[in-house]
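Single-structure report; data block below.
Please treat every number below as a calculation from the coordinates, not as lab data. None of these values were measured; they are calculated from a predicted model. Cβ: placed from backbone, ideal geometry, glycine included. Neighbour counts: every protein chain shown.
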Amino acid sequence: MGYDSVKTDDGRTVLFSVEEFYEKIVLQNHCFICGAPPHSKEFNNEHILPDWLLAKYQLHSQIINLPNQLGQLYGKYTIPCCKDCNSELGDKVEIPMSKLLKLPFNEFTFALTNSHQNIGLLFQWLNLIFLKTHLKDMHFDWAMDKRKQSPKIGASYIWESMHHIHCIARAYYTAAQITPQAIGSVFIIPGIQHDSIPQFYFHDNTTAQTILFRMDEKVIICVLNDSCAVLNALTETLRKITAPVTHFQMCELFAIATHCNLSIKNRPVFFSEISGKGDYQIKADLPQLEFDKDKAGITVGELLYFQVKEMITKTPDTDRILAEIKENKRTYLFNPNGTFSDHQTDFQ
Ligand SMILES: [Zn+2]
């Protein structure tokens, strides 16, 4: 951190300083990719969740829940982006990504395990969505009452850590090479497909910089800022998951990954390196990997509770179940003997 912005001779910004990123992109509605000021060229704005995805799951008229408890239509959920950047983003990221995500589960995982390029693309796409979601939060007030002065939801975010996400998200634009150390943990597991289970689901955790996507049978969990530490720590947990998961099992795994990331004692330090010839690399310094559960400041149960409390169907047992989740006394993934709790037959 702490570097100046770097521009090419033709005026393209390769690297924004943290200050310039915060002032122009976060506060002043410049194009979030190239940094062009509003009204300086044609803008057509960018959907937070790409259009192809909104169309596939018929989400245009559905409501996304915001941290202030208000809803916003997915179809109107956009951030400032100039027309040139929008079409480049489509060509270089969204079109190849939509092709990849249309593959059936096995072909999808095969395409990712056999290509560093595909993993890089998926990782960049997840950073892009996480970034867009959080930039948009600078447009929403915390207070529901419009007559009251209220800080923006995004005002409490630590934008310095979001700057790294911004560097990754626009790597396709700056031709930055994302080195393997700068890539975070990505888990892909199958989800049970059934009419009673949402086939599209999206959730993230701002503090931990973790993101969860479900699209059809593909469940994708990504830790954006851990240099694969969480993947290493959870290898055994993941090995035990031997069958497609339910919605709650998916949420529990996300809570476990989020908690694990929050427990990392010394975090990787990310930085950009641009050579004299202009080659740009995004790198990470990796400290000794150690975990400290107390550092997380929250339990897996509490994380799961906040995510699922609205999803539980109201029955006389609801309050007891929610209390058990919050107190870390309930696991959906594993049986008391530690084996995976396979629910596939419940959905046949
Ligand atoms: Zn632009």
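Quick rundown of the values:
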{"read-out": "Rough spin-label spacing in nm, given labels placed 7 Å along Cα→Cβ, for L289 and D195", "value": "4.4 nm"}
{"read-out": "Inverse mean reciprocal Cα-Cα distance (Kirkwood Rh) of the chain, Å", "value": "21.4 Å"}
{"read-out": "Interchain or long-range residues, amide H under 5 Å from F334's placed H", "value": "S341"}
{"read-out": "For V14, residues with placed amide H under 5 Å, excluding near neighbours", "value": "V6, K7, T8"}
{"read-out": "Inter-label distance for E327 and S115, nm, one decimal - labels placed 7 Å from Cα along Cα-to-Cβ", "value": "5.0 nm"}
{"read-out": "Karplus-derived HN-Hα couplings along the range 228-244 (A = 6.51, B = -1.76, C = 1.60, θ = phi - 60°), whole Hz, x at Gly and Pro", "value": "6, 4, 5, 4, 4, 5, 9, 3, 5, 4, 5, 4, 6, 7, 9, 8, x"}
{"read-out": "Label zone at N45 (point 7 Å along Cα-to-Cβ), backbone N below 14 Å, the range 81-95", "value": "81-83"}
{"read-out": "Extended-chain gain in nm, criterion 0.36 nm per residue less alpha-carbon gap, E310 and N266", "value": "12.4 nm"}
{"read-out": "In the range 179-348, lysine pairs closer than 18 Å at Cα, eight or more apart or cross-chain", "value": "8"}
{"read-out": "Ranked packing of 101-109, 299-307, 205-213, most packed first, by mean Cβ within 10 Å", "value": "205-213, 299-307, 101-109"}
{"read-out": "For the range 117-129, Karplus couplings with θ = phi - 60° (6.51, -1.76, 1.60), whole Hz, Gly/Pro x", "value": "5, 5, 4, x, 5, 4, 4, 5, 5, 5, 5, 4, 5"}
{"read-out": "Kirkwood hydrodynamic radius over Cα pairs of the range 179-348, then Stokes diffusion coefficient at 10 °C and 1.306 mPa s, in µm²/s", "value": "92 µm²/s"}
{"read-out": "CD proxy at 222 nm, helix term only [per DSSP H run n ≥ 4: -39500 (n - 2.57); per residue of the chain; nearest 500]", "value": "-9000 deg cm²/dmol"}
